[in-house]
Amino acid sequence: MKPSTTLQLLSLTAAFTSLAFGKGVPNGAAANLVLGQPNFTTNTSPVATTATTLDNPEGVVVDPVSRKVFVSDTDRNRVLRYASADALTNGAAAEAVFGQANFTTATADAPSLILGMDGPSGLFVDTQGRLWVSDSDNHRILMFKSASTRGNQPQPDLVLGQDNLTTQTSGTTARIMSSPRSIWLDNADRLWVADSGNNRVLRFDGVSTKSSGDAANGVIGQADFITSASSSAATGLQGPRGIAVSASGSLFVGSTGDNRVHRYDNAATLPNGASAVAVLGQADFAGTSSGLSATAMDNPSGLAITPDDSLWVADEDNNRLLRFDNASTKPSGSPANAVVGQPDFVTETSGTTDRIIDDPRGQVFVDAAGSLWAPDEDNNRVIRFPVDDVAPTLAITGKVPKEVEKKKITINGTASDANGISLVQFSVNKGPLQTATGTTSWQIKAKLKKGKNQVRIITTDSVNNTKSRTVKVERD
């Protein structure tokens, strides 16, 4: 037999792929960045107001263009802007502040309603660089143009939910809001607002053409713009706080008081008061109880959805973040696909580490790199969970004969990954994939044809990164 026909191992034949947009964040992931605290084991409640401290933050977002990070420092009545997410280190100082004149003041609405804030929560930064802020206790939404380059305490360029920047009245009309929380700008220039105190979601069409004080164009959770009663029916909402809109146009709403998330397909086309079509966190729309499992929730408060349709839910009182893949097509009652902030779906521990969170209230965010950001309110911090984009290892162990006469060859090996191996597969001569016996220690039995054969072995980790090797063998 010629040397070229002997068994050869071709390493790194097909390396690995990493699922972006948050699917690559593994179960029980460790955070790699903290803001508001100097490290992952400190949870000091700030005495002084500074550029490095946070007090019960409820929102975080990353500008998709500049990569600047914005955090709503809710109890200090301000929004902080940090440098590029790619350059930040633990405990980094903010570079600018909205709602306050400097980094050492925290007074609500000072020096005036025009420039101040009171309990800001939800945030959104669009592709035009506009920052949208839910100024909750002032019952309004503020918009700041060129937010990544503005100085301290800029004046908003637009207000919705109030007639102008000098009023702060709560109410129930198409123009007036009550304690709005999360906000979302979809890819068709529609602004969606979780108007929590009115138990509804408002839709503003063509928001780029709106003037301050303009009316909403649609409402979900109420039959009209002048009712505000809570309801556990599929047409109602109870204290909605989290919202997100998928690329396909499905609206997701965290009906916090019902311990569930509602889905409305083709939401922009729906009439006022339309019924949700599916629910997560409960088996159906009759359920409202809290629980701790892959199918249950306890006070879901913040949502984010990715371009590949993965929905993240801040399950506040379970101290965890849940991920639902293919969320726009999931049936009611479907289990979550992943959990972060806890080691599994049945553990609820509060704490202060890089893996444990405490009361993740408010709007979560997945950036363009796939990293998951979360306001960890009771720890007075914001933390980032990175994508696992490291390929698993794959090795063949023991001696493999250089030539064979039998119809089958047995190959043994090992695989490893910091976040676990989920599967080892193989194929022979580009045939169908077959599953190996075992994972971290595996064995395959490949059936060979006469002459030259190629056996491809593939290992997959817990977030679907893959690594493969190819074996060439000739059967006499």
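Taking first residues from the stretch 242-261 that are under 21 Å from Asp126 (Cβ atoms) and among the acidic types (Asp, Glu) and partners that are assigned to a strand (DSSP E or B) and open to solvent by less than 10 Å² (accessible area, probe 1.4 Å), no Cβ contact under 9 Å between residues at least 6 apart in sequence or on separate chains turns up.
Candidates Ser289, Ser301, Ser246: the one that is polar (S, T, N, Q), at pLDDT below 95 and closer than 26 Å to Phe345 by Cα is Ser301.
Table: residues versus (1) free of Cβ contacts under 8 Å to residues at least 60 places away in the same chain; (2) on the phi < 0 side of the Ramachandran plot; (3) not small (Gly, Ala, Ser).
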residue	(1), (2), (3)
Ala368	no, yes, no
Val382	no, yes, yes
Thr393	no, yes, yes
Glu405	no, yes, yes
Ala418	yes, yes, no
Ser441	yes, yes, no
Lys450	yes, yes, yes
Arg456	no, yes, yes
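Any residue at all in the stretch 151-158 that's among the acidic types (Asp, Glu) and touching a Ser or Thr at 6+ places or on another chain (Cβ under 8 Å)? No: the stretch 151-158 contains no residue that is among the acidic types (Asp, Glu) and touching a Ser or Thr at 6+ places or on another chain (Cβ under 8 Å). Within the stretch 189-199, identify whether any single residue is in contact (Cβ under 8 Å) with a residue 60 or more places away in the chain, open to solvent by 40 Å² or more (accessible area, probe 1.4 Å) and either over 28 Å from Tyr82 (Cα atoms) or outside any strand (DSSP E or B) (or both), and answer yes or no. There is at least one residue in the stretch 189-199 that is in contact (Cβ under 8 Å) with a residue 60 or more places away in the chain, open to solvent by 40 Å² or more (accessible area, probe 1.4 Å) and either over 28 Å from Tyr82 (Cα atoms) or outside any strand (DSSP E or B) (or both).
Being free of Cβ contacts under 8 Å to residues at least 40 places away in the same chain and surrounded by fewer than 24 Cβ atoms within 10 Å (Cβ to Cβ) is true for just one of Ser112, Ser84. Which residue is that? First the steps, then the outcome.
Numbers: Ser112 fails: free of Cβ contacts under 8 Å to residues at least 40 places away in the same chain.
Among Ser112, Ser84, only Ser84 is free of Cβ contacts under 8 Å to residues at least 40 places away in the same chain and surrounded by fewer than 24 Cβ atoms within 10 Å (Cβ to Cβ).
Name the residue that is nearest to Val125 (Cα to Cα), counting only residues in the stretch 167-188 that are among the polar types (S, T, N, Q) and open to solvent by less than 50 Å² (accessible area, probe 1.4 Å).
Ser182
Scanning the stretch 200-228 for residues that are buried (at least 18 other Cβ atoms within 10 Å of the Cβ) and either touching an Asp or Glu at 6+ places or on another chain (Cβ under 7 Å) or of a type in the set (A, V, I, L, M, F, W, C) (or both) yields Val201, Leu202, Phe204, Val207, Ala216, Val219, Ile220, Phe225. Here the condition is being touching a strand residue (DSSP E or B) at 6+ places or on another chain (Cβ under 7 Å) and either modelled with pLDDT of 95 or more or open to solvent by 80 Å² or more (accessible area, probe 1.4 Å) (or both); of Lys445, Lys472, Lys406, Lys399, it holds for Lys445 alone.
Considering only residues that are of a type outside the set (D, E, K, R) and open to solvent by less than 10 Å² (accessible area, probe 1.4 Å), look in the stretch 363-379 and name the one that is farthest from Ala30 (Cα to Cα). So that I can check it myself, show each step before the final result.
The initial filter retains those residues of the stretch 363-379 that are of a type outside the set (D, E, K, R), namely 363-366, 368-375, 379.
Then keep just the ones that are open to solvent by less than 10 Å² (accessible area, probe 1.4 Å); that gives 363-364, 370, 372-375, 379.
Numbers: Gln363: 20, Val364: 16, Gly370: 14, Leu372: 11, Trp373: 12, Ala374: 13, Pro375: 15, Asn379: 16 Å.
Per the criteria, the residue is Gln363.
The values are calculated or read from the model by the stated rules, or taken from the named source; none is laboratory data. Since this is a predicted model, take the numbers as computed values, not measurements. Note that each Cβ is placed from the backbone with ideal geometry, even for glycine, and that neighbours are counted across all protein chains shown. The protein model used for the area step is the full one, side chains on, heavy atoms only, and it has no ligands, DNA or RNA in it. Shrake-Rupley method; radii C 1.70, N 1.55, O 1.52, S 1.80 Å.
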